[in-house]
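Below is one structure, written out as structure tokens, with a few remarks after it.
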Amino acid sequence: MIDTLNPWLITALVFALTHWLARWKGMSRLAAATKMPVTAALIFWSLSDGDWSGGKIWIGAGLCFSLVGDVLLLLPRRFFLAGLVSFLLAHTGYIAGFILPFPVVHPILFALSALIGTGIYFYLQNLNQALQTRKQGKRLFQTIILYSLVLCLMTLAACQTMLRTDWPPAASLFAASGGILFLLSDGLLGYNRFVHALPGGRTFEMMTYHLALTCIVAAAIIRW
């Protein structure tokens, strides 16, 4: 069960709410100062009920790479690619945690992969057009294609936990929610940064990101 009064969870939520408000109000310094503590507090929350053992070690590795990605995305734009690679490694960790010791194969997953793949295809089309005029846009787009593939696999891996007998229903619901929220968050990030800045888009991308991480940690705590 989830201890909703866990001090690390409360700390993460307080920093997250502060960060969202700072983003919404355009308080860039406060937003930067409260970004990393959210992920750090979630890491400590994941450790508060025991060490990273079993499949949980992969989730822990993913959280650590997410924290590194948070730092890199706060730096100048030239570090964006490095941040993307860090989050790619984070998703690799989440995938391992969700599918080990073996993935589930089910017709529902094929239908879901077709749905996600179609959406990503049209999304990447818009992104490619926006990046054509940018310096090193082609190289960045190639990396984004790879990242999008891994992100989609992570979302599918998270959703397939709902078909597994070794995952409690609550854990699989949190995992699937985390995967879908991550897909939405990264979609918003790419669109806001490269295509068109949506009203409040920077706030919503962080809200979905923090909620995604929270759901993933909750799933790991329940599962292991």
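Laboratory data are not the source of any read-out in this text; all were calculated from the coordinates shown. All values reported here derive from a predicted model rather than from experimental measurement. Note that each Cβ is placed from the backbone with ideal geometry, even for glycine, and that neighbours are counted across all protein chains shown.
Only one of the listed values, [x] 31, 20, 17; [y] 38, 22, 18; [z] 27, 23, 14, was derived from the coordinates as semi-axes √(5λ) of the Cα gyration tensor in Å; which label is it?
[z]
Counting other beta carbons within 10 Å of each residue's own, what order do Leu30, Leu189 fall into, fewest first?
Taking fewest neighbouring Cβ atoms as first place, the list is Leu30, Leu189.
Could you tell me which of rounded, prolate or oblate describes the range 1-75, using a ≥ b ≥ c as the square roots of the eigenvalues of the alpha-carbon gyration tensor, with rounded for a/c under 1.5 and, failing that, prolate when a/b is larger than b/c and oblate otherwise?
oblate
At 7 Å along Cα-to-Cβ for each site, give me the label-to-label distance between Leu89 and Ala114 in nm.
So the two model labels end up 3.7 nm from each other.
Taking the chain as a Gaussian network, where each spring joins two C-alpha atoms under 10 Å apart, which residue of Pro101, Pro37, Pro168 fluctuates the most?
Of Pro101, Pro37, Pro168, the Gaussian network model singles out Pro101 as fluctuating most.
Could you work out how far the C-alpha centroid of the range 149-224 sits from that of the range 1-39, in angstrom?
Centre-to-centre (Cα) distance: 17 Å.
So, R0 is 45 Å and r is the distance between the beta-carbons of Met27 and Gln132; what FRET efficiency does that work out to, to 0.05?
It comes out at approximately 0.85.
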